[in-house]
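The structure under discussion appears below in the form of structure tokens.
The values are calculated or read from the model by the stated rules, or taken from the named source; none is laboratory data. Worth saying up front: this structure is predicted, and the values here are computed from it rather than measured. Cβ coordinates were reconstructed from backbone atoms using ideal geometry, including for glycine residues, and neighbour counts include every protein chain displayed.
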């Protein structure tokens, strides 16, 4: 009886030990699974942080790019402002220059009309290269009898195609005894003697100087029509 009781007790202890081992194993498995889950969660969290970091990095890059674009736009606008300012300054300077030229031409023309020819010529020196001033200068030289100097200016002004230039050019050649050069000059300027009565008259004078009276008469009659 005692033997049976000992076996039963031993069997019970063995059963309890196995149960205890199983429970320990289960706890270990649960602990491992829990650790594994924690590792996965930490990994997922790191991925999320990485994604967030990349997102923030991208936002920083975009803001930087936006700042660069704004900076470029600002520099562009600044340059445009500077260019407009420079253009205004140039226009202002050009206006002041033109204003001064007008005043000087007025002064020279008044002196010319008052027959103060030397003074008028002197006042035009600062307007060298101005076609209007050169035309007035040529008229002054013509009045002073300086035909060669007058013709030099006319030759410089040939490209202007001014009717006054053509009329005065012919008159200067005739007055300087160079009537034979009139036709060649007319051909160079590509103008017809009949384009105006004044030009026809001056050309007729050159024909008379060359003893071509009939041609001169016909030219004047044609111009009158």
Just for segment 188-216: of the residues that are out of contact with any helix residue (DSSP H, G or I) (no Cβ under 8 Å at 6 or more places or on another chain) and modelled with pLDDT of 75 or more, which one is farthest from residue 156 (Cα to Cα)? 214
Cross-chain or 6+ apart pairs with Cβ under 6 Å, segment 100-114 first and exposed (fewer than 15 other Cβ atoms within 10 Å of the Cβ), then at pLDDT 80 or above: 107/123
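Among the residues of segment 131-139, is there at least one that is in a loop (DSSP other than H, G, I, E, B), closer than 26 Å to residue 102 by Cβ, under 36 Å from the mean Cα position of the chain (by Cα) and at pLDDT below 80? Full working, then the answer.
The first filter runs over segment 131-139 and keeps only residues in a loop (DSSP other than H, G, I, E, B), leaving none.
No: zero hits.
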Read through the list (1) surrounded by 10 or more Cβ atoms within 10 Å (Cβ to Cβ); (2) free of Cβ contacts under 8 Å to residues at least 12 places away in the same chain; (3) closer than 30 Å to residue 140 by Cβ, then give the number of the only condition that residue 81 fails. (3)
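Of everything in segment 101-117, what is farther than 18 Å from residue 135 by Cβ and either modelled with pLDDT under 75 or part of a helix (DSSP H, G or I) (or both)? Give them in sequence order. Spell out the reasoning first.
Taking segment 101-117 first, the residues farther than 18 Å from residue 135 by Cβ are 114-116.
Those that are farther than 18 Å from residue 135 by Cβ and either modelled with pLDDT under 75 or part of a helix (DSSP H, G or I) (or both): none in segment 101-117.
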